[in-house]
Amino acid sequence: MKIAPFIYAAVTTASIALTTSVFAHGVEVPQGSKKIQIFKDAASMPIASMNEPGVNAYFEDIVGSSDPRAPISCGMFKIEKGNPLVYTFDYDDTKIIIDGHIYFDDGTQKVKGEVGDVLFFPKGSTVSFSSDDYGVAHACGQRKLF
């Protein structure tokens, strides 16, 4: 019996499973860690649908802290032309537009976020997100990983 092919298969399977779980749910950084975490080319990773009927909106966590007193989670948000996504924040959140553009409407003002713009959404705000084309944003909120 050859052990090397078996070990190679086991390591490959474990690596694929780990990579899939990292991108599917984000990585929680252990509390007290002093190690830098890097996620290469995160802007081009697949982003899961938010499963809102009729809405072309996508969100995927990338990384989050494990500090229960001050959680923070960051990920990628994308919206494409179609029906708007209406979302009520139960945490403070920010978005930085990295591609395309996104319209944000909080009922009192409608703004067009473009590449390089930073937006802040306070806890309790209800925002309508839309685009006449598409927009991609890095999102970071005071919450645990989804």
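Could you please give the count of residues in segment 93-117 that are closer than 17 Å to Ile72 by Cα and free of Cβ contacts under 8 Å to residues at least 40 places away in the same chain?
Number of matching residues: 0.
Specify the residue that is nearest to Pro71 (Cα to Cα); the eligible residues are those in segment 89-117 that are in a strand (DSSP E or B) and within 15 Å of the chain's Cα centre (by Cα).
Asp93
Go through segment 118-143 residue by residue and tally those that are free of Cβ contacts under 8 Å to residues at least 60 places away in the same chain and touching a Ser or Thr at 6+ places or on another chain (Cβ under 9 Å).
Number satisfying all stated conditions: 8.
Using the structure shown, decide if Val55 is touching a residue at least 24 places away in the same chain (Cβ under 8 Å) and closer than 21 Å to Gln142 by Cα.
No; evaluated as a whole, the condition is false for this residue.
Looking at Lys144, Lys34, Lys40, which one is crowded, with 17+ Cβ neighbours inside 10 Å, modelled with pLDDT under 95 and part of a loop (DSSP other than H, G, I, E, B)?
Lys144
Which of (1) under 16 Å from Val136 (Cβ atoms); (2) surrounded by 13 or more Cβ atoms within 10 Å (Cβ to Cβ) is the odd one out, the single condition Glu114 does not satisfy?
(2)
If the requirement is being at positive phi and either crowded, with 17+ Cβ neighbours inside 10 Å or of a type outside the set (A, V, I, L, M, F, W, C) (or both), which of these qualifies: Asn51, Asn83?
After applying the criteria, what remains is Asn51.
Within segment 97-111, which residues are farther than 19 Å from Ala48 by Cβ and surrounded by 15 or more Cβ atoms within 10 Å (Cβ to Cβ)?
Ile97, His101, Tyr103, Phe104, Asp105 - these are the residues of segment 97-111 that are farther than 19 Å from Ala48 by Cβ and surrounded by 15 or more Cβ atoms within 10 Å (Cβ to Cβ).
Ile62 - would you say it is at pLDDT 90 or above, in contact with a Phe, Trp or Tyr (Cβ under 8 Å, 6 or more places away or on another chain) and on the phi < 0 side of the Ramachandran plot?
For Ile62, the condition - at pLDDT 90 or above, in contact with a Phe, Trp or Tyr (Cβ under 8 Å, 6 or more places away or on another chain) and on the phi < 0 side of the Ramachandran plot - is met.
Could you figure out which of (1) of a type in the set (Lys, Arg); (2) free of Cβ contacts under 8 Å to residues at least 24 places away in the same chain; (3) surrounded by 13 or more Cβ atoms within 10 Å (Cβ to Cβ) isn't true of Lys78?
Here Lys78 clears every test but (2).
Let me confirm something: among Ser49, Ser66, Ser73, which residue is more than 14 Å from Ser128 (Cα to Cα) and without any contact (Cβ under 8 Å) to a residue 24 or more places away in the chain?
Being more than 14 Å from Ser128 (Cα to Cα) and without any contact (Cβ under 8 Å) to a residue 24 or more places away in the chain holds for just one of Ser49, Ser66, Ser73, which is Ser49.
The values are calculated or read from the model by the stated rules, or taken from the named source; none is laboratory data. Model, not experiment: these values are computed from the prediction. Glycine gets a Cβ as well: all are built from the backbone with ideal geometry, and neighbour counts include every protein chain shown.
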